[in-house]
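Below is one structure; the comments refer to it alone.
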């Protein structure tokens, strides 16, 4: 019985390992191809023939500018969301005021509507404001998130109210209470928001591709797409772009695995 | 008149309004206003180069939409992607999660490996895979010999392009469903497994009669999420299209609802028509979530 059980565990482990390896082969292949010269494409060659020319080419095409744009967009969106979602989540959880129920539905209602229906009007608004190819267009429309607000509300509901009551007795107003008592114990939830938004916006394509059309304003995903050769003989360059796009995220993910996994379980939240 | 001191309750209400004011303002400007605008556009003919003078044309956009072969093709493709991916995401996610939970070594490492595509960009994933599945490459020859799939570049052949998009959607998202199922399986109390073992429920019996029914809530959640996401497929077909060509290539076989309205606006410069297609997608998604809500509450009322 135990021997049987142990052998099935081993078989399970092996099969899963095989699956996981297959799962990542495209990445390894991309990494390998990124090191090949055009002449060696499609063949198997040893490290002595590997070159870094493709990386030079991708850097010359604007890689660091794309990183910078992605960073600015992502950081701006994260900063705004942290403030707006957290404030609103706190008010919805803890403060009583007339009209709260309606306001709750207005905020959470954004979860029910897929954001893409706003794409044409937002594009037109950006054109009229002269925002196309600016950071403003990449950041300002995206500073709120109904789901994350709901998540923060649930979190604030879960902390013991006694903390705030004793702060009230100590003479703190709402703002002091929020800043000095509540925020310091909310670090984990704030980190969850950061990681959730980072994954969503670092990998975002639809919005930046809509709101920018100048090479210098491309974010990494749009830049990568522009590297895609017209013909397959350029695939070493494309694959170099792939490696440069995914490597920073994978490193970050491996360093902060637990936070990533937790924040992604967030998609399980429903209004 | 003497200035009245505000009571704590009133002060609190003011603080409350101040806390929600920023988010309400931003949502009004950047979400509700454009959403309503989109609805209005869908009843108008809007000139992309003269945005200030739209003409009301009633239901003409919608009439054109339902008669448009390209829209039907896009809707059909979206349905195919959904119908193929959803069962595989749920089934694959459950099977891998269950097995991951029942091994001892390398659990975390393996879970991480399955999860990596879920944190990376769909553009990168699409490009990595499209260059791996090129005509005459070892990968393609392998699938050709094993399953008789034609020796063609999958991304460029009308016969294989749509399944290829589904493959991409599955590859990217499976890790997420594995995580959700792992959470679901971990939520089952240990005593239940022990009691089941005493009753002789092991192996497949245990899976069928205990695990699957007890992760039902997870399955419902995974179903809703996967349908929602598949219906909104955009990045993969967008990346597959050669630069400059119409999205949905080859020959529209990978067009989806979102690439359809994206192209209508940005390639054919018809914001009004594009909005009517966007609105159609919105209605489909809304109907789906309403149906599912109704079903769920009925199931809960009946106590399963």
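The values are calculated or read from the model by the stated rules, or taken from the named source; none is laboratory data. All values derive from a computational prediction rather than experimental measurement. All Cβ positions, glycine included, derive from the backbone under ideal geometry; neighbour counts span all protein chains shown.
Couple of notes before you dig in:
- The set of residues in the range A:25-52 being assigned to a helix (DSSP H, G or I) and either touching a residue at least 60 places away in the same chain (Cβ under 8 Å) or surrounded by 15 or more Cβ atoms within 10 Å (Cβ to Cβ) (or both) consists of A:26, A:27, A:29, A:30, A:31, A:32, A:33, A:38, A:40.
- Among residues of the range B:267-279, those that are in a helix (DSSP H, G or I) and more than 7 Å from chain A (Cβ to nearest Cβ), counted: 4
- Residue check for residue A:138: within 24 Å of residue B:262 (Cβ to Cβ) and within 12 Å of another protein chain (Cβ to nearest Cβ): no
- Residue identified as assigned by TED's automatic domain parsing to the domain that holds residue B:133 and in a helix (DSSP H, G or I) among B:188, B:212: B:212
- Among residues of the range B:13-61, those that are facing chain A (nearest Cβ under 7 Å) and not in a helix (DSSP H, G or I), counted: 1
- Counting the residues of the range A:42-69 that are within 14 Å of another protein chain (Cβ to nearest Cβ) and within 25 Å of residue B:139 (Cβ to Cβ) gives 5.
- Residue in the range A:4-15 that is within 33 Å of the chain's Cα centre (by Cα) and loosely packed, with under 14 Cβ neighbours inside 10 Å present: yes
- Of the residues making up the range A:31-42, those that are within 9 Å of residue A:235 (Cα to Cα) and at pLDDT 90 or above are A:33, A:34.
- Test: residue in the range A:218-225 that is out of contact with any strand residue (DSSP E or B) (no Cβ under 9 Å at 6 or more places or on another chain), away from chain B (no Cβ under 11 Å) and touching a residue at least 12 places away in the same chain (Cβ under 8 Å): yes
- Selection status of residue A:113, within 11 Å of chain B (Cβ to nearest Cβ), surrounded by 21 or more Cβ atoms within 10 Å (Cβ to Cβ) and either over 23 Å from residue A:192 (Cα atoms) or free of Cβ contacts under 8 Å to residues at least 24 places away in the same chain (or both): no
- So residue A:124, is it at pLDDT below 95, at the interface with another protein chain (Cβ under 9 Å from one of its Cβ atoms), part of a helix (DSSP H, G or I) and touching a strand residue (DSSP E or B) at 6+ places or on another chain (Cβ under 8 Å): yes
- Test for residue B:246: is it within 27 Å of residue A:121 (Cβ to Cβ) and either assigned to a loop (DSSP other than H, G, I, E, B) or out of contact with any strand residue (DSSP E or B) (no Cβ under 6 Å at 6 or more places or on another chain) (or both): yes
- The one condition in (1) touching a helix residue (DSSP H, G or I) at 6+ places or on another chain (Cβ under 9 Å); (2) in contact (Cβ under 8 Å) with a residue 40 or more places away in the chain that residue B:131 fails to fulfil: (2)
- Boolean, residue B:261 is outside the structural domain of residue B:42 (by TED's automatic domain parsing) and surrounded by fewer than 20 Cβ atoms within 10 Å (Cβ to Cβ): no
- Residue among B:162, B:167, B:129, B:125 that alone is more than 13 Å from every other protein chain (Cβ to nearest Cβ) and closer than 29 Å to residue A:208 by Cα: B:162
- Scanning the range A:227-240 for residues that are within 7 Å of another protein chain (Cβ to nearest Cβ) and at pLDDT 90 or above gives A:238, A:239.
- Evaluating residue B:135 against the criteria (1) part of a helix (DSSP H, G or I); (2) more than 7 Å from chain A (Cβ to nearest Cβ); (3) modelled with pLDDT under 90 leaves one unmet condition, (1).
- Note on the range B:140-157: among residues that are without any contact (Cβ under 8 Å) to a residue 12 or more places away in the chain and assigned to a helix (DSSP H, G or I), the one that is surrounded by the most Cβ atoms within 10 Å (Cβ to Cβ) is B:143.
- Among the candidates A:71, A:82, residue that is within 16 Å of the chain's Cα centre (by Cα) and surrounded by fewer than 17 Cβ atoms within 10 Å (Cβ to Cβ): A:71
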